Each structure stands twice: as C-alpha cells, then as structure tokens.
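What follows is a single structure, written as structure tokens, with notes after it.
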Amino acid sequence: MIIPFQDVIRIQKLRSRGYIFHSLSILTQTKKEIYLEFSSITRRNSCFAKLFLQHKRALESQTEPDKAEK
C-alpha cells in the first residue's frame, strides 16, 4: 500500500494491547486509519521517527509556496 504524505493527517504511537506487539497509527484525509504492528518497541520507535520527519518535511514543502506568494 502506498500513501502520499500529503494525505497523512496524523502519525501516532499506540500502547501495546498486551506484551506481543507495538503499534503505529496513521490517519489519512479520507479518515481511514492504518495500523502498523511491530515485534519490538525499538523498531516501532525507529519507524515512527522516520515517518514523522518525512511527514513534517512534506507539510513544510506544502506551506512554502504559500509564503512565497505573499
């Protein structure tokens, strides 16, 4: 599945529902929520950091053209 970062509204860590999996939640503009599950908290946190930074860059690139027009 491929989701453009422009369609992502929120990325958040979720508490594990037990001791087996650690999850990430990605909310899209169409209000669909995608869950990613990881076997270790370290892997989940690493993926979260990478996704969060990419999402932040995508949001910044969207707002830059607006600033240049003013």
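The values are calculated or read from the model by the stated rules, or taken from the named source; none is laboratory data. Note that the structure is a prediction, hence the values are computed from the model and not measured. All Cβ positions, glycine included, derive from the backbone under ideal geometry; neighbour counts span all protein chains shown. The accessibility values were calculated without ligands, DNA or RNA, using every heavy atom of the protein model including side chains. Shrake-Rupley method; radii C 1.70, N 1.55, O 1.52, S 1.80 Å.
Annotations for the structure displayed:
- Taking the numbered list (1) surrounded by fewer than 11 Cβ atoms within 10 Å (Cβ to Cβ); (2) touching a Phe, Trp or Tyr at 6+ places or on another chain (Cβ under 7 Å) in turn, E60 passes all entries but (2).
- Counting only residues that are over 14 Å from the mean Cα position of the chain (by Cα) and open to solvent by 80 Å² or more (accessible area, probe 1.4 Å), the range 2-23 holds 5 of them.
- Residue within the range 34-55 that is open to solvent by 40 Å² or more (accessible area, probe 1.4 Å) and in a loop (DSSP other than H, G, I, E, B) present: yes
- Restricting attention to the range 24-33, the residues that are in contact with a helix residue (DSSP H, G or I) (Cβ under 7 Å, 6 or more places away or on another chain) and open to solvent by less than 50 Å² (accessible area, probe 1.4 Å) total 2.
- In the range 2-26, residue modelled with the lowest pLDDT [restricted to those that are in a loop (DSSP other than H, G, I, E, B) and either at positive phi or among the β-branched types (V, I, T) (or both)]: G18
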